[in-house]
1. Filter the stretch 243-278 for residues that are open to solvent by less than 20 Å² (accessible area, probe 1.4 Å), touching a helix residue (DSSP H, G or I) at 6+ places or on another chain (Cβ under 8 Å) and among the small types (G, A, S); which is farthest from R23 (Cα to Cα)?
2. Looking at the stretch 243-259, which of its residues are more than 20 Å from Y56 (Cβ to Cβ) and either of a type in the set (K, R) or free of Cβ contacts under 8 Å to residues at least 40 places away in the same chain (or both)?
3. If a residue has to be more than 17 Å from T55 (Cβ to Cβ), open to solvent by 40 Å² or more (accessible area, probe 1.4 Å) and under 18 Å from the mean Cα position of the chain (by Cα) to count, how many in the stretch 175-198 make the cut?
4. Quickly run through the stretch 123-161 and pick out the residues that are more than 22 Å from the chain's Cα centre (by Cα), crowded, with 18+ Cβ neighbours inside 10 Å and not in a loop (DSSP other than H, G, I, E, B).
5. Report whether or not A284 is of a type in the set (A, V, I, L, M, F, W, C), farther than 30 Å from D34 by Cβ and touching a Pro at 6+ places or on another chain (Cβ under 9 Å).
6. When the stretch 279-323 is examined, which residues are found to be in a loop (DSSP other than H, G, I, E, B), open to solvent by 70 Å² or more (accessible area, probe 1.4 Å) and either without any contact (Cβ under 8 Å) to a residue 24 or more places away in the chain or more than 14 Å from R215 (Cα to Cα) (or both)?
7. Of the conditions (1) of a type in the set (A, V, I, L, M, F, W, C); (2) open to solvent by 50 Å² or more (accessible area, probe 1.4 Å); (3) under 25 Å from P246 (Cβ atoms), V351 fails just one. Which one is it?
8. Out of curiosity, is G105 in contact with a helix residue (DSSP H, G or I) (Cβ under 8 Å, 6 or more places away or on another chain), open to solvent by 20 Å² or more (accessible area, probe 1.4 Å) and not in a strand (DSSP E or B)?
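The values are calculated or read from the model by the stated rules, or taken from the named source; none is laboratory data. No experiment lies behind these values; they were computed from the predicted model shown. As a convention, Cβ positions derive from the backbone with ideal geometry for all residues, glycine included, and neighbour counts pool all protein chains shown. What goes into the accessible areas is simple: the full protein's heavy atoms, side chains included, and nothing from ligands, DNA or RNA. Shrake-Rupley method; radii C 1.70, N 1.55, O 1.52, S 1.80 Å.
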Amino acid sequence: MESIYYVMAWACHRRCRHCYESRFRPYTRAALGDVVDEAMRNFPRIVDNFPERMTYLDPADPPGRKIERTGRIVLSGGEALLDAVRETVTYPVIERLHARYRNVGGARIIVQTTGDLLTDRIVGELLERGVHMISVASVDDFHVGMEGPEKQRAFVERLTGLFGRHGMHPSTLPMTAAAWAMQKGPLYGFFGATPESWIGKLWPRGRAWENSLPRGSIADNFCNRWSGGLNFLRHRFAGSEVSVEPDGSVYPCCVKTALPLGNLVEEPLIEILDSLAGIPAFEAIDAGQPQRMGIAHGWDEARFTAASRTTLPDGQPYENICIGCDRFHREHLGPVIAEARARRIAARNAVAAPRTDLMPA
């Protein structure tokens, strides 16, 4: 598989108004203990249910010259470098991932962070554990203290110096570029929810939704692009990515569908994906055409578009394909997902059951 986006824990030191997930926020005392305990309890089974290999092929390679490329696992939060999370969750996850993939093609580990907790010591500890890239995801006006180009420039310059002291160099390619996997680490990069970036329109989720910030229209198909659902089922090839939550829930996109596909605490990821192949709704998501996901259920594209209309919390009219996808999931896909899970369980039970026809009389 090319990419997994793994949200390890909900804890964050910020409560950004544009965040796509309301559960990313500061937690204290018992509540902090609960979210950290959830992450610690689940990550061993989640990692063990990742694909057996984190490698993939690019269909664009010439026939007979296919190169097996090393995929990546993006570790995020919340904030993966919080004191309460870093040594109890983030570092053990990195170590477990390297142990799992060391002898089967490896995996490029990316740690995504707001960057304001980075120190020489933490950067050194990440690199000692073989982190391939540190991705700083806060260079925008939505992060308190980062408003305006001067503050953002000073922040980037300070961290660039920090990374340089550790022999890191900037990534010169977007993650969607085929040649990204060829870059030698350790790398660093910066991004944010800026108007010129595709996430600048903000997903209709979490606090962004609660604060009526999304500006994506019906023409903005978040599904048909990287970090959307495009190609998520084709896990052996370039472009496939899924998103995983701290409880093991897995989704075809970072935006997250209204219902998870399955749970990695319980089952292997590849079994979940393979069980959904051929189901029209999920094939439509995989093709980046969610407006066609309901055709087999009597939802033509016109009905899907109508279901994609709603109002923001402040009363403004709003329409986006994600809204229609949510409604279709809630109305139709619960039983479909449950049936796929039942088939997977039955298949595993059949393999595990003893062959009574071969037993002596």
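1. Within the stretch 243-278, the match that is farthest from R23 (Cα to Cα) is G262.
2. Going residue by residue through the stretch 243-259, those that are more than 20 Å from Y56 (Cβ to Cβ) are 245-249, 255-259.
Selection gives S249, K256.
3. Final tally of qualifying residues: 4.
4. Result: V123, Q152, F155, L159.
5. Details: of a type in the set (A, V, I, L, M, F, W, C): yes; farther than 30 Å from D34 by Cβ: yes; touching a Pro at 6+ places or on another chain (Cβ under 9 Å): yes.
When the stated conditions are applied, A284 passes them.
6. Scanning the stretch 279-323 gives Q289, D300.
7. All conditions are met except number (3).
8. Working: in contact with a helix residue (DSSP H, G or I) (Cβ under 8 Å, 6 or more places away or on another chain): no; open to solvent by 20 Å² or more (accessible area, probe 1.4 Å): yes; not in a strand (DSSP E or B): yes.
No, not satisfied.
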